[in-house]
Amino acid sequence: MAPGLPTPKKYFVTAGAAEGATPLNAFDNALLAARIGNVNLIRVSSILPPGTEYDPQLQLPPGSLVPTAYGYIISTTPGEIISAACGVGISRESFGVIMEFSGKCTAQEARDRIERMVREAFEHRGMELADIKIEAVEHQVQRVACALAAVPLWY
């Protein structure tokens, strides 16, 4: 059997929001605000590997390929409130589950939705939830804005 890709050993939960001249610039600036703007994101789904260490101060090497679960919203409607949130449900004995959400709502509403989603994911898997880590951001659009939340995974 051929060797697979390495399994990440560390992660953090982050969120950022920003304006930009274009939707792509707003997205890029939100990535920078979330401390993940100088890496290449590889979008992944929702499983945190067993034994992965939470490291909120983790520094990612520029240009790295970084497996990341993320959600974002871009708006060009001045005055609109946009938010994004990511959460990680942690199990003591197994893997974790990552959930992401973005929408036209407050950060608290996004945070509450993430918590419900994580709890449901654990319930449907028959797993015991030991802890939840959530980050959320809210932004009132001026011209072109992005709100983004993410869980980058690292080795």
**OP:** Give 137, 151, 141 a once-over and let me know the one that is closer than 19 Å to residue 31 by Cβ, open to solvent by less than 40 Å² (accessible area, probe 1.4 Å) and in contact with an Asp or Glu (Cβ under 6 Å, 6 or more places away or on another chain).
**Re:** 141
Original post:
Which number in (1) without any contact (Cβ under 8 Å) to a residue 40 or more places away in the chain; (2) in contact with a Lys or Arg (Cβ under 6 Å, 6 or more places away or on another chain) marks the one condition that residue 13 misses?
Top reply: (1)
Subject >> For residue 71: the one exception among (1) at pLDDT below 95; (2) within 23 Å of residue 20 (Cα to Cα) >> reply: (1)
Original post:
Which residue pairs have Cβ atoms closer than 9 Å, lie 6 or more positions apart in sequence or on different chains, and pair a first residue in the range 50-61 that is within 19 Å of residue 127 (Cβ to Cβ) with a second residue that is open to solvent by less than 30 Å² (accessible area, probe 1.4 Å) and in a loop (DSSP other than H, G, I, E, B)?
Top reply: 50/91; 52/8; 54/12; 54/13
Subject >> Unmet requirement for residue 127, which otherwise passes all of (1) open to solvent by less than 20 Å² (accessible area, probe 1.4 Å); (2) assigned to a loop (DSSP other than H, G, I, E, B) >> reply: (1)
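The values are calculated or read from the model by the stated rules, or taken from the named source; none is laboratory data. Just so you know, these numbers come straight off a predicted model, no measurement behind them. All Cβ positions, even for glycine, are placed from backbone atoms using ideal geometry, and neighbour counts span all protein chains on display. Each accessible area value is taken on the protein alone, full model and side chains, heavy atoms only, with ligands, DNA and RNA left out. Shrake-Rupley method; radii C 1.70, N 1.55, O 1.52, S 1.80 Å.
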